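Following: one structure in structure tokens, then a few remarks.
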Amino acid sequence: MSLLTTAAPVVLLSILFLLVWGAVHLAYPAAASLGRRSADRFFRFVLRGRVARWSGEHGEKIGAWLPVGTILVAGFVVALFAGAAFLEIAEALQEESEGLARFDQTIHASVRDIRNAGATLLFLFFTHAGTPLSLTIIVIVVSSGLALARQFRRAIFLVVTTALGGILSRMLKAIFARERPDLAHAIRHAEGFAFPSGHAMGSTVVFGALLYLALRKLHAWPARSAAIALAITFVIAVSLSRVYLGVHWISDITAGVLAGTVWVVAAAAAYEALRRMSRLRGRRRSTE
């Protein structure tokens, strides 16, 4: 096994991280500015006439609660789009779509043709990192650290979100009961149903929840964008490892990431909204 063959997958993964980091770093400020302008125009359009007069009388209260509403709406929109995409794949699966089967089989066969020792070693590492045991250890370590730092709410959020995400993954697998690809050509043995991928969904939920907590602590945008890029790169690497090793179809992976996104976005939006509501109620009681 040549040094070039061994290093190539690591180099490609590093390039992926840098590309995602650069894209997120450049795109977010423009997207945030566009979002603020759109929200401002929307509320100006809605708050007219009698509603405008009412809002003028209750402007301070609206301003205080507006971030909560914005968080809930944004979380709903993201979850809606990801959920719709998941349902599209699930519907195609249930209808035994020839297009979906052909696409899955094409990717599956193509991956077998590009396997090499270096890529196999790399993807075995990431598939081990994305196992329920590895993800559970990560959650236990981080939540224990949060508890020791007396950040009990964040620790509870992490544990509850990831635990319920794992239960949801098992429920979805039982509902769809899709068989795995022929494991005779797989590099690694796997058990259970294939759809959605537990590795893809689990890593999306765990690293999505960790990303949310990291963004709460990081304030400099370069650090925030790097955290986002790192989480995305890790989820991609874990997800692709399952296709590379031959134990999942690409549609299983896509569905797992989408389902995990729906769950972690909904959980984070709900937690953030409840946190802000609790803070607002505390301020109101202190002024009474």
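Residue by residue, here is whether (1) within 18 Å of the chain's Cα centre (by Cα); (2) modelled with pLDDT of 90 or more; (3) closer than 30 Å to Leu213 by Cα holds:
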residue: Gly75; (1), (2), (3): yes, no, yes
residue: Gln94; (1), (2), (3): no, no, no
residue: Ala101; (1), (2), (3): no, no, no
residue: Val111; (1), (2), (3): no, no, no
residue: Ile114; (1), (2), (3): no, no, no
residue: Ala119; (1), (2), (3): no, no, no
residue: Leu124; (1), (2), (3): no, no, yes
residue: Val141; (1), (2), (3): no, yes, yes
**OP:** Among the residues of the range 245-286, count how many are open to solvent by less than 40 Å² (accessible area, probe 1.4 Å), over 19 Å from Phe76 (Cβ atoms) and at pLDDT below 90.
**Re:** 6
**OP:** Would you be able to tell me the number of residues in the range 165-191 that are in contact with a helix residue (DSSP H, G or I) (Cβ under 8 Å, 6 or more places away or on another chain), closer than 28 Å to Val265 by Cα and among the small types (Gly, Ala, Ser)?
**Re:** 3
**OP:** Quickly run through the range 112-141 and pick out the residues that are β-branched (Val, Ile, Thr) and farther than 16 Å from Ser197 by Cβ.
**Re:** Ile114, Thr120, Thr136, Ile137, Ile138, Val139, Ile140, Val141
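The values are calculated or read from the model by the stated rules, or taken from the named source; none is laboratory data. Just so it is clear, the model here is predicted, and its values are computed rather than measured. Neighbour counts run over all protein chains shown; Cβ positions are idealised from the backbone, glycine included. Just so you know, the surface numbers come from the protein's heavy atoms only, side chains and all, with ligands and any DNA or RNA stripped out. Shrake-Rupley method; radii C 1.70, N 1.55, O 1.52, S 1.80 Å.
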